[in-house]
Amino acid sequence: MKKIFLIIGLASLSLTFTSCERDITSLNEDPKHPTEVPSGVLFASAEHALLDQLLSANVNRNITRFFTQQWSETTYTDETNYDMVTRPIPRNHYNRMMASASATINSPGVLSALRDARRFLESEGLDPVTKNNNIAMIELVNVYAWANLVDTYGDIPYFGALKATAENPGSAEIPYDDAKTVYLDLIKRIDAAVAMINTSGSGYDKDLIYKGDMTKWKKMGNSLKFRMAVTLADSDPALAKTYAEAAYNAGLFTDKLDNFGLQTFPSGLLSNPVYQDVIQSGRNDFIPSDVLVDFMNNTSDPRRAAWFTTVNGNYVGGVYGDQNIFSSYSHFTNLISGENAQGFLLDFSEIQFLRTEAAARGFSVGDTAANLYQSAIKASMAEYGITEATANTFIAANPYNAANWKKSVGEQAWIAMFNKGFQAWNFARRLDFPVFVNPGGSVVESVPVRMKYSDQEYLLNAKNVNAAASKIGGDKVSTKIFWDKF
């Protein structure tokens with residue numbers, strides 16, 4: 001079989017985001033002459049697609065910052081009132097995570113690009129150590145993406161998904177799998193991937209995040225497992241404890257330099273997605289919300305100065321769910337919306353809050369919940385350049401409450417996860433703090449605790465998506481993900 005090797009720049013791959021999970025682009029492919037791309041380019045493309053989608057503030061794609069009511073809108077308020085139909089946000093998120101169903105360079109979405117990278121890796125003639133490290137990296141990003149889909153929708157097509165290739169396009173109808181079953185399989189995949197890592201060797205040199213540093217990737221795998229283990233705590237406490245303690249003992253993130261993401265985004269096409277949506281767009285659509293800013297004002301939170309500008313010397317958030325005059329409210333600082341601002345998908349401060357939660361639940365994770373609560377807040381403060389002395393003053397005024405630890409951890413994790421929409425949403429759903437109020441103009445029955453299934457699934461995979469919706473209790477934003485028990 002003839003192979004065509006193309007060296008394609010990451011920037012060009014990153015621009016192709018229009019294909020969907022079951023599109024018709026494969027009709028233009030020649031199955032007897034498939035295009036083959038260096039797997040490292042596809043892996044970097046998958047990393048960029050993941051960062052771009054999960055960090056984006058684009059209202060067509062990612063409104064999780066509204067699910068946690070940390071941002072407000074100015075002129076248009078559909079998304080703060082949870083209209084996800086006018087702009088098909090569930091479809092767009094699902095497709096950008098899944099992407100094209102066939103093995104082709106026109107599939108730069110996260111999971112299909114990783115599938116293609118794994119396929120092309122086999123023919124690259126690498127030494128066993130490098131090959132195994134590359135496989136481990138592919139697998140860990142795979143797990144992160146699949147876990148996000150479960151956390152977003154619940155039951156999803158998993159075991160039968162992304163099997164199609166140019167040679168064998170397969171069926172568009174794919175059964176949905178039980179969300180907990182998928183979660184447990186993903187944790188097994190983490191264990192297998194971490195076991196493959198040889199820290200004396202390296203991985204992909206095109207790796208955008210860790211530059212092939214396998215010590216960092218090993219910590220990422222353990223930290224991802226720890227996050228997923230704690231997420232299971234209410235639905236399966238014993239199993240969560242076992243997994244969390246194993247991950248902790250294997251080695252988690254120990255400082256900000258371990259974070260899974262970019263410490264500094266480059267300029268140009270690959271600049272920080274928030275910059276692209278808030279500054280480069282030339283629009284004045286977003287401001288911090290009064291829900292967030294009022295809470296931080298009440299606790300004299302020093303992170304306000306790092307994140308927000310002032311209006312007449314005050315921090316002022318826009319009314320959540322209503323229209324707001326952009327010039328009348330605080331704006332985001334360059335630390336949040338700058339072209340080269342940081343962006344993380346899993347980070348040290350999150351892990352410290354997860355450790356606090358785990359300790360409060362009785363897991364053995366190296367310290368008490370009270371001490372870890374302090375460490376978590378300090379980690380968040382340090383992430384934005386705030387001194388330990390200032391953090392100590394804040395902690396003294398806002399101490400850990402063991403009698404209501406879910407409130408202590410939930411509210412402080414919500415603040416610390418500012419601008420990290422999916423991470424903040426997971427904490428808020430699991431711990432039920434802060435308590436959000438559905439805005440008066442909301443078009444749905446409650447503040448979302450899940451996203452509805454893609455509308456395209458009802459056209460292309462109707463039997464299976466309807467069965468899944470019935471199984472989970474209805475395709476509604478108020479239907480809880482399996483791990484969200486309370």
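In table form, for the structure just shown:
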quantity	calculated
Residue match in the range 357-365 (condition: open to solvent by less than 50 Å² (accessible area, probe 1.4 Å) and charged (D, E, K, R))	yes
Residue check, D301 under 22 Å from A396 (Cβ atoms), charged (D, E, K, R) and under 28 Å from the mean Cα position of the chain (by Cα)	yes
Options Y373, Y453; residue that is open to solvent by less than 50 Å² (accessible area, probe 1.4 Å), out of contact with any strand residue (DSSP E or B) (no Cβ under 8 Å at 6 or more places or on another chain) and assigned to a loop (DSSP other than H, G, I, E, B)	Y453
Number of the exception - K463 against (1) out of contact with any His (no Cβ under 8 Å at 6 or more places or on another chain); (2) surrounded by 15 or more Cβ atoms within 10 Å (Cβ to Cβ); (3) of a type outside the set (F, W, Y)	(2)
Where a residue in the range 322-345 is more than 25 Å from S271 (Cα to Cα) and in a helix (DSSP H, G or I) and its partner, wherever it lies, is of a type in the set (G, A, S) and open to solvent by less than 50 Å² (accessible area, probe 1.4 Å), with Cβ under 9 Å and at least six apart	S328/G318
Residue match in the range 38-47 (condition: part of a loop (DSSP other than H, G, I, E, B), crowded, with 22+ Cβ neighbours inside 10 Å and either touching a Phe, Trp or Tyr at 6+ places or on another chain (Cβ under 6 Å) or not charged (D, E, K, R) (or both))	no
Selection from the range 122-137 of residues that are within 19 Å of Y210 (Cα to Cα) and over 22 Å from the mean Cα position of the chain (by Cα)	V129, T130, K131, N132, N133
Residue in the range 309-318 that is in a strand (DSSP E or B), open to solvent by less than 10 Å² (accessible area, probe 1.4 Å) and closer than 21 Å to R65 by Cα present	yes
Given (1) open to solvent by 10 Å² or more (accessible area, probe 1.4 Å); (2) of a type outside the set (G, A, S); (3) closer than 25 Å to N464 by Cβ, number of the condition Y153 does not satisfy	(1)
Close pairs from the range 347-369: first of a type in the set (A, V, I, L, M), partner at pLDDT below 95, Cβ under 7 Å, at least 6 apart	none
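The values are calculated or read from the model by the stated rules, or taken from the named source; none is laboratory data. Quick caveat, the model's predicted, so the values are computed rather than measured. When we count neighbours, we look across all protein chains shown, and the Cβ atoms used for this are built from the backbone with ideal geometry, even at glycine. Heavy atoms of the whole protein, side chains included, go into the accessibility calculation; ligands, DNA and RNA do not. Shrake-Rupley method; radii C 1.70, N 1.55, O 1.52, S 1.80 Å.
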